[in-house]
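The structure appears right after this line, and notes come after that.
The values are calculated or read from the model by the stated rules, or taken from the named source; none is laboratory data. Everything numeric here is computed off the predicted structure, so don't read it as measured data. Counting neighbours? That spans all protein chains shown, and the Cβs are built from the backbone with ideal geometry, glycine included.
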Amino acid sequence: MSGDQRLEAVVSGEVQAVGFRYWTRLQAEQLGLVGTAVNRDDGSVDIVAEGPEPALRELLRRLRSGSTPGRVAGVDAVVTAPSGGLTGFRGS
């Protein structure tokens, strides 16, 4: 789709075993995004999402909002060209 972008983010803080990935999946689905939210060994969560840039920016805003499960200490993110191949949103 024209205008689609890719968000790659690493969310740090208390974001594992608190429903964070499930919450992220719900937010992404509401925004019409596809991608994944996956736990990392260091306790952070990797998020990859693709879709319209305004929806990606809104997901990023929500991740930084303080309204997430757990406690987000930081979000390192970059928006790039989409690579495709993603369907649905998987939060595992």
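Here are a few things to note about the model shown:
- Counting only residues that are more than 15 Å from Arg61 (Cα to Cα) and either out of contact with any strand residue (DSSP E or B) (no Cβ under 8 Å at 6 or more places or on another chain) or hydroxyl-bearing (Ser, Thr, Tyr) (or both), segment 19-41 holds 4 of them.
Residue-wise test of (1) closer than 20 Å to Ala17 by Cβ; (2) at pLDDT 95 or above.
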site	(1), (2)
Glu50	no, yes
Leu56	no, yes
Arg61	no, yes
Gly66	yes, no
Gly70	yes, no
Gly74	yes, yes
Val79	no, no
Ser83	no, no
Leu86	no, no
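- Tally, over segment 18-41, of residues that are in contact (Cβ under 8 Å) with a residue 24 or more places away in the chain and among the acidic types (Asp, Glu): 1
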